[in-house]
Structure formats: C-alpha cells, structure tokens
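J.: The structure is given below, and queries will be raised subsequently.
The values are calculated or read from the model by the stated rules, or taken from the named source; none is laboratory data. Predicted, not measured: the structure shown is a model, and the values here were computed from it. Glycine also receives a Cβ, built like all others from the backbone with ideal geometry; neighbour counts cover every protein chain displayed. Note: areas computed on protein heavy atoms with side chains; ligands, DNA, RNA excluded. Shrake-Rupley method; radii C 1.70, N 1.55, O 1.52, S 1.80 Å.
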Amino acid sequence: MRPLRAGYLAAAAVTVFGAVTGRERLQWVAKPLLMPLLAADAVTSGAVDPAERRILLASLAAATVGDVLLIDPDDDRRLIAGASSFAVMQTGYSLLWWQRGARPRPEIAVPRLLAWAGAAALLRAKAPALALPLTAYGATLGTAATLASDPALAPDAKNIAGLNIPNEDPRSRYGSGALLFTVSDGLIVLRRLFAKSERSRRITEGIILATYAAAQYHLTVAPPTRAATAADQKVR
C-alpha cells in the first residue's frame, strides 16, 4: 500500500472515532485531510492519466469542501451546501467513468432510479425543505453509481444484480465504491429523519463516515496502465 493511501486510512479512522465519541475537534483535524491525501496520491503515483487526473483532482477538491461543511451534520444549511459540493464531485466521477467507456444500462439504472424515487418521496413527506436539493443531489449520485457498475469498465469481473464483483482489476472496485457511497448517503437521510438520541446520532454518523471513507478509497483506485492492459491481453 502506498504511504499516502495508508495515511488516508489513518485519517479516516480518526474521523470516525471523533464522530462516534463526540470529539468534533478530532474531525476538524482529520477529516479535511482525507481527499487531499487521495489527491496527493493520484499526483505522485503517476498512475492516473494527466487528463483524467485534472477531473479527479477537481472532484476531490469539491469533496473536501463537502467534508468540511458536513462536520456539523445537524445544520440543514450546511447539509444542503455540502450536498451541492458532492454533486460537483459525483458529476466529475461520472465524467471519469464515461471517459473510461462506461455507459448507462437499463438493468443497472432501474433499481437505482427506484431507490432515488423512494428517497425523494420520503424527503417530501418528512423534510420538505430538504427534498429539492437532496433529490437533485441524488440524481448525480445515481448517475455516477450507474456508470460505475457498467460491466464495460471491468470486462473480466462478474456482474451480479447490476454490481461488478471486485477482482484483480482495480476498475472492478468502482461499483462497490459507488454502492458504499449510496449506503452512506442513504444513512445521512435516515439519520436526519429518524435518529433522535445523541447516542444513535453519533453511532449513525460513525457508520456514515466509515462507509464514505471506504467508498472514496475504492472510487479513487487508478485503472491499470495501458502497458499493463496490453501485456495482460497478450498473455491471453
């Protein structure tokens, strides 16, 4: 494991611990480091194509803004602003997957569309002030998740129920990363609507951050180099 990605995991662990224990100061120290560590890894590793690297860095910069805004997840104004930042990130990820050959497929898109519609209906019923901005963000999340699970991204991976199963091809992890991101964002909505006690809110926030950190770790794995891909095809 490269040092910067190991540092990312350490910062993620501190962030989750700070959330679960109510130590917000730890989050202020560790959480803003998460995406810059992944960005620095993308720059220094040389594994990402320069054109794609610019999109990835812009996406991670937007995610950093969202991370800082959501250190206080109980402020609805910060939640809406954070969702807007992450919408920029999701759009960037969608562009990356598109450039790598992903295209939307009905059998993958339909379940995500149904989940998006269900979440939108729940928000309209329980938190109408949040319904429009979070539903709009959900559309960008669903688009990125649909593209991330396209079998064309990782042709050798098994695809079960619209999800690429991770194998030795790093691109096969994008689908699971997008699924973890969807779980994390779904829990944000459920926490906002149903978690009432301080304990339940802290525990849920810890799970939200853990799944989010795992998602970003998978989504930012560099694709195999052209030389490696060509060598693999030659062996076959």
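J.: Can you run down the residue pairs with Cβ atoms below 8 Å, 6 or more apart or on separate chains, where the first is in the stretch 27-45 and at pLDDT below 95 and the partner is small (Gly, Ala, Ser)?
T.: Cβ pairs passing all conditions: ALA42/ALA222; SER45/ALA222.
J.: If you check ALA178, ALA144, ALA139, which single one turns out to be part of a helix (DSSP H, G or I), within 16 Å of TYR217 (Cα to Cα) and in contact with a Phe, Trp or Tyr (Cβ under 7 Å, 6 or more places away or on another chain)?
T.: Details: ALA178 fails: in contact with a Phe, Trp or Tyr (Cβ under 7 Å, 6 or more places away or on another chain); ALA139 fails: within 16 Å of TYR217 (Cα to Cα).
Of ALA178, ALA144, ALA139, the one residue that is part of a helix (DSSP H, G or I), within 16 Å of TYR217 (Cα to Cα) and in contact with a Phe, Trp or Tyr (Cβ under 7 Å, 6 or more places away or on another chain) is ALA144.
J.: If you take the residues in the stretch 27-52 that are under 17 Å from the mean Cα position of the chain (by Cα) and open to solvent by 50 Å² or more (accessible area, probe 1.4 Å), which one is farthest from HIS218 (Cα to Cα)?
T.: Among them, the one singled out is LEU33.
J.: Does at least one position in the stretch 177-185 carry a residue that is over 17 Å from SER59 (Cβ atoms) and free of Cβ contacts under 8 Å to residues at least 40 places away in the same chain?
T.: The first filter runs over the stretch 177-185 and keeps only residues over 17 Å from SER59 (Cβ atoms), leaving 179, 183.
Next cut, free of Cβ contacts under 8 Å to residues at least 40 places away in the same chain only: 179, 183.
Yes.
J.: Further, regarding this structure: For the stretch 58-70, give me each residue that is within 16 Å of ALA222 (Cα to Cα) and crowded, with 18+ Cβ neighbours inside 10 Å. Walk me through how you get there before you give the answer.
T.: Within the stretch 58-70, the first condition is being within 16 Å of ALA222 (Cα to Cα), and the residues that meet it are 58-60.
Result: SER59, LEU60.
J.: Let me ask something else about it. Is one or more of the residues making up the stretch 188-202 open to solvent by less than 10 Å² (accessible area, probe 1.4 Å), at pLDDT 95 or above, out of contact with any strand residue (DSSP E or B) (no Cβ under 7 Å at 6 or more places or on another chain) and within 23 Å of PRO111 (Cβ to Cβ)?
T.: No: zero hits.
J.: Can you tell me which of ALA83, ALA121 is out of contact with any Pro (no Cβ under 8 Å at 6 or more places or on another chain) and modelled with pLDDT of 95 or more? Break it down into steps so the answer makes sense when it comes.
T.: Values: ALA83 fails: out of contact with any Pro (no Cβ under 8 Å at 6 or more places or on another chain).
Residue meeting the stated conditions: ALA121.
J.: Would you check if PRO223 is surrounded by 17 or more Cβ atoms within 10 Å (Cβ to Cβ), modelled with pLDDT under 90 and part of a loop (DSSP other than H, G, I, E, B)?
T.: Values: surrounded by 17 or more Cβ atoms within 10 Å (Cβ to Cβ): yes; modelled with pLDDT under 90: yes; part of a loop (DSSP other than H, G, I, E, B): yes.
Yes.
J.: Of all residues in the stretch 88-108, count the ones that are part of a helix (DSSP H, G or I) and either hydroxyl-bearing (Ser, Thr, Tyr) or crowded, with 20+ Cβ neighbours inside 10 Å (or both).
T.: Of the residues in the stretch 88-108, the ones part of a helix (DSSP H, G or I) are 88-99, 106-108.
Then drop every residue that is not either hydroxyl-bearing (Ser, Thr, Tyr) or crowded, with 20+ Cβ neighbours inside 10 Å (or both), which leaves 89-94, 96-97, 108.
Here the count works out to 9.
J.: Here is a follow-up. Filter the stretch 115-141 down to the residues that are without any contact (Cβ under 8 Å) to a residue 60 or more places away in the chain and closer than 16 Å to PHE181 by Cβ, then identify the one that is surrounded by the fewest Cβ atoms within 10 Å (Cβ to Cβ). Can you show your working first?
T.: Step one: list which residues in the stretch 115-141 are without any contact (Cβ under 8 Å) to a residue 60 or more places away in the chain, which gives 116-118, 120-121, 124-125, 128-129, 131-141.
When the remaining residues are screened for being closer than 16 Å to PHE181 by Cβ, the result is 116, 134, 137-141.
On the way: TRP116: 19, LEU134: 22, TYR137: 22, GLY138: 24, ALA139: 14, THR140: 20, LEU141: 27.
Here the residue is ALA139.
J.: Right, here's the next one. In the stretch 142-169, which residue that is of a type in the set (S, T, N, Q) and crowded, with 24+ Cβ neighbours inside 10 Å is nearest to ALA83 (Cα to Cα)? If you could, list the steps in order and put the result at the bottom.
T.: Let us first name the residues in the stretch 142-169 that are of a type in the set (S, T, N, Q), namely 143, 146, 149, 159, 164, 167.
Pick out the ones that are also crowded, with 24+ Cβ neighbours inside 10 Å and you get 146, 149, 164.
Numbers: THR146: 19, SER149: 22, ASN164: 26 Å.
Within the stretch 142-169, the match that is nearest to ALA83 (Cα to Cα) is THR146.
J.: Please go through the stretch 71-84 and give me each residue that is open to solvent by less than 20 Å² (accessible area, probe 1.4 Å) and either under 18 Å from ALA39 (Cβ atoms) or over 14 Å from the mean Cα position of the chain (by Cα) (or both), ordered by number. Explain how you work it out, then say what you get.
T.: Residues of the stretch 71-84 that are open to solvent by less than 20 Å² (accessible area, probe 1.4 Å), as a first pass: 71, 79, 82-83.
The answer is ILE71, LEU79.
J.: Now for a separate question. Residue by residue through the stretch 170-187, note down the ones that are buried (at least 20 other Cβ atoms within 10 Å of the Cβ) and hydrophobic (A, V, I, L, M, F, W, C).
T.: Passing the criteria: ALA178, LEU179, LEU180, PHE181.
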